[in-house]
Amino acid sequence: MRFLRQLAAVTAIVAVVVLVGLAWHHFAPDSFGGQGGPGPHRFVVRGQAATAVHRGVKVPAGVELNGGGLSGIPSIQLGDLLEPVNLAVLWNTAWIEAAVIAAVVIADAGIRKRRRARR
Amino acid sequence: MPVVSESLPLRRVAARTRLDFWFDAAILVGYTIAYSYGFTGVVIHEWLGIALGVALLLHITLHWDWVVRTTGRLLRPRGPDKLIWLVNLALLFAMTLCVASGILISRVALPELRISLPLDDPFWDRAHTLTAEVTLGLVPVHVALRWRWIAGVGRRLLARRPR
């Protein structure tokens, strides 16, 4: 019962955040700038390391992009999962996370050490 | 008080702590995979994103007592966990908006559920990209600020049991 009460409270807070997002869209629909397309989408290039391509960027001849080309979000097929070439994207994410974690842990350890030394 | 052998106290981990550890680890792995859109493809990316939304609700619910306690202490001049509270608040906004905008621009999961949203607005596309990038910065900070707890519980959970 307590869990359900807490879940209801969390759901209400999340709903408020979603409403904030909808209000943002309603009152400032051009907040991200009007020109150009959305940010860089990742495209999987067969036989090469995965890369990111901005809308409007010309793809060199002979490079094959999966799915929807540059006009929209590419539709990568299920069969593309776990292909070694696509693993580069996963490693990239993991590397960024590991680097940030390492930086925060080192900073935190340093701050604690300094505090202990002061006492 | 029950009598325990000398080696047990180090290895005994409360069921709730074990649940927190493994559930949070699963969320982190799930998030890392879901973020790697080029690796998962659109189908897995969308379903995993929706699952992460549900996991986010459960994660906050499981830590609701901490949220209430820490929020109550915010006004104290030297209240602990202020930085963690701020990071968590920012992450709540970013992650919620990321999942919500992801649902709004969904091309596979929603049609599969026979739901169609008449939205063709680049705002949500850009909002999804932006909030996803913000979460990539905040998730590791959120994890790292609890590194002592993670290291302590992880050491006890992963320590080899004596034969």
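Please compute the contact order of chain B in relative form: average sequence separation of alpha-carbon pairs under 8 Å and at least six residues apart, divided by the residue count, as a percent. Walk me through the numbers on the way to the answer.
Values: 100 pairs, mean separation 47.5, N = 163.
Relative contact order here is 29 percent.
What size of dipole, in debye to the nearest 20, comes out for the range B:13-119 about its Cα centre when the only charges are +1 on Lys and Arg C-beta atoms and -1 on Asp and Glu C-beta atoms? The partial results should precede the final answer.
Working: 9 positive and 6 negative charges, 86 e Å.
Roughly 420 debye for the range B:13-119.
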> Using the 10 angstrom Cβ neighbour count as an exposure proxy, how do A:Asp108, B:Asp24, B:Asp65 rank, fewest first?
Replying inline: B:Asp65, A:Asp108, B:Asp24
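Quick one: what do you get for the range B:37-163 if you divide its Cα Rg by 2.2 N^0.38 Å? Walk me through the numbers before you get to the answer.
Numbers: Rg = 18.2 Å, N = 127, 2.2 N^0.38 = 13.9 Å.
Taking N as the residue count of the range B:37-163, the ratio is 1.31.
For the residues A:Lys113, B:Lys82, what sequence is obtained by ranking on other C-beta atoms within 10 Å, fewest first?
Details: A:Lys113 10, B:Lys82 13.
Listing A:Lys113, B:Lys82 from fewest to most nearby Cβ atoms yields A:Lys113, B:Lys82.
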>> Using 0.36 nm times the number of residues separating B:Arg146 and B:Val68, minus their current alpha carbon distance, what extension gain do you get?
In response: 26.3 nm
>> Report the Cα-based extents of the range B:51-109 along its three principal axes, largest first, to the nearest Å.
In response: 49, 18, 12
>> Using only alpha-carbon positions, what ratio does the radius of gyration of the range B:16-60 give when scaled by 2.2 N^0.38 Å?
In response: 1.19
>> With n ≥ 4 as the cut-off for DSSP H runs, can you work out [θ] at 222 nm for chain B, using -39500 (n - 2.57) per run divided by the number of residues, rounded to the nearest 500?
In response: -23500 deg cm²/dmol
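Taking other Cβ within 10 Å of each residue's Cβ, how do A:Ser31, B:Ser116 sort, fewest first?
B:Ser116, A:Ser31
FYI, it's all coordinate maths here, none of it is from the lab. Since we're looking at a predicted model, the values are computed, not measured. All Cβ positions, glycine included, derive from the backbone under ideal geometry; neighbour counts span all protein chains shown.
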